[in-house]
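Asker: For reference, the structure I am asking about is given below.
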Amino acid sequence: MRSLSFLALFALLIAGCGLQTQEKLNTDDLHFASFYADYLARSGVTAKGDTPPLADLTSSGLDTLFVRHKLDQKTFDARLQAYSRDPELWRKVLQEVRRNLASQKQ
C-alpha cells in the first residue's frame, strides 16, 4: 500500500511541476514537505549530476520516518488526496521539499 502511495506521489510530482500559485503553505504542508524531503534523502535522491547512492529504504525505515515526523498513514493519504485536487499547492510543497533537501546538504 505504501509503495502505491509513493507511486501516486511521484505521479503528482510530474503533473504539478509546471503550475504556479500565490498560496502560502500551512503547517500541515510544511510538515509534509519535511517528511517527503527526509524520505527522498534516505531513498537515495541526489542533485543533478551526482552519482546516486545505492540506498533502498526498507519498510521498517519508512515506519521510522513516519514516527520521526509524527505522521501516520491516514494523515499521509489525506495530504496526498488534497494535493491531487490542488496541483498549484502541490507545486509549492515541492518547492519547499527542494529547499529542505538543499539545507540537508549543507
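Asker: Output yes when any residue across segment 36-45 is at pLDDT below 80 and at negative phi, and no when none is.
Answerer: Checking segment 36-45: at least one residue is at pLDDT below 80 and at negative phi.
Asker: Sticking with this one: Can you tell me which of Ala78, Ala11 is among the aliphatic types (A, V, I, L, M) and either surrounded by 14 or more Cβ atoms within 10 Å (Cβ to Cβ) or modelled with pLDDT under 90 (or both)?
Answerer: Going through Ala78, Ala11 in turn, just one is among the aliphatic types (A, V, I, L, M) and either surrounded by 14 or more Cβ atoms within 10 Å (Cβ to Cβ) or modelled with pLDDT under 90 (or both): Ala11.
Asker: Considering only segment 87-97, state which residues are in contact (Cβ under 8 Å) with a residue 60 or more places away in the chain and open to solvent by 40 Å² or more (accessible area, probe 1.4 Å).
Answerer: If the condition is that a residue be in contact (Cβ under 8 Å) with a residue 60 or more places away in the chain and open to solvent by 40 Å² or more (accessible area, probe 1.4 Å), then Pro87, Glu88, Arg91, Lys92 are the ones that fit.
Asker: A follow-up question, please. If you take the residues in segment 62-75 that are outside any helix (DSSP H, G or I) and open to solvent by 70 Å² or more (accessible area, probe 1.4 Å), which one is farthest from Ala41 (Cα to Cα)?
Answerer: Asp72
The values are calculated or read from the model by the stated rules, or taken from the named source; none is laboratory data. Only a predicted model underlies this, so the values are computations on that prediction, with no experimental measurement involved. Counting neighbours? That spans all protein chains shown, and the Cβs are built from the backbone with ideal geometry, glycine included. Accessible surface areas use protein heavy atoms only, side chains included; no ligands, DNA or RNA. Shrake-Rupley method; radii C 1.70, N 1.55, O 1.52, S 1.80 Å.
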